[in-house]
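The values are calculated or read from the model by the stated rules, or taken from the named source; none is laboratory data. None of these values were measured; they are calculated from a predicted model. Because the Cβ atoms are built from the backbone with ideal geometry, glycine has one as well, and the counts that use them run over all protein chains shown. The accessibility values were calculated without ligands, DNA or RNA, using every heavy atom of the protein model including side chains. Shrake-Rupley method; radii C 1.70, N 1.55, O 1.52, S 1.80 Å.
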Amino acid sequence: MDEHESPELTEDEKRLFANLMPEDLSEILDTGVNRRHFLKLMTLAGGGILAAQSAVAEQLLTRPLTPAPAIEPASVSLDNAVNVSFKVNGTVRKLTVDSRMTLLDALRERLDLTGSKKGCDHGQCGACTVMVNGHRVLSCLTLTASCEGKAVQTIEGLAKNDTLHPMQDAFLKHDGFQCGFCTPGQICSAVAMLDEAKKGQASYVTQNVRQTTGPARLSNEEIRERMSGNICRCGAYPNIVAAIQEVYSGKPVEQVFRSV
Ligand code: FES
Ligand code: FES
């Protein structure tokens, strides 16, 4: 058998791991690391990418080595494991996750809901926006463990069977995207933003936050401000604003693009 295919680590390889990350060795071996993973890690280390032992340990412990089922068996052993029960798009989901796992990773990697995108993973682009209890959140900055008992809605849960959500319809009508990478986050953000405005919640451009009574009036400029946390690298902003304005006003908004 090719030595790369041999599943077990040799004693020398274990010793190397023990030197590199003595405190994490037993955890690493418990998670089923085999020679293939070992060689990959050593390649990363040689390239200077393995900046810190803890980063590797975290990767090993937060990311499943093999595809995990949506409902995890109770036998999974993680030192930092927490059980989380929450509703995702109306369905109760129960997961055993590392306490450090973000909601974005849980949605994408454990529940196969890949609509929410990982753009920056640092809370700067908005591509990962979902709704938790009706409020828009950046799922890359939200711990799964903090969602216990809450209701999460993602882009996958907006349409009702074959009927798109009005915001999805409007984005299609107004061509509110090009590559589409930011679009799930834009749409989730827009849906929650209209609810915020309806409740009269202030924004950065509200003239007097002490006098916010009743729903906010959304000019195009105010929509731009309230959506400023969602970046579109394709620059589809005029079309995105037109789509949101149409859903907000309930009246047709002139399309800002021309088909050739
Ligand atoms: S991926 Fe969450 S804000 Fe960019
Ligand atoms: S449509 Fe491409 S990033 Fe927004």
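For the range 162-260, the list of trypsin sites (Lys or Arg not before Pro) that fall in a loop by DSSP and count at most 14 other C-beta atoms within 10 angstrom reads LYS199, ARG217, ARG233, ARG258.
Taking Cβ atoms as reference points and 14 Å as the exclusive limit, the residues near GLU196 contribute a net charge of +2, counting Lys and Arg as +1 and Asp and Glu as -1.
Note on the range 75-154: with neighbouring protein chains present and a 1.4 Å probe, carbon and sulfur make up 47 percent of its accessible heavy-atom surface. Annotation note: GluC sites (Glu not before Pro) in the range 144-224 located in DSSP loop regions with a Cβ neighbour count of at most 16 within 10 Å are GLU148.
When the chymotrypsin sites (Phe, Trp or Tyr not before Pro) in the range 118-207 are filtered for DSSP coil states and for at most 14 other beta-carbon atoms within 10 Å of their beta-carbon, the remaining sites are TYR204. Which log10 I(q)/I(0) values, to two decimals, does the range 75-154 give at q = 0.14, 0.19, 0.24, 0.26 Å⁻¹ under the Debye formula with one point per Cα? Cα-only, vacuum Debye calculation for the range 75-154: -0.40, -0.74, -1.15, -1.32.
Cross-link partners of LYS198 among lysines, defined as those whose alpha carbon lies under 21 angstrom from its own and excluding same-chain residues fewer than eight positions apart: LYS251.
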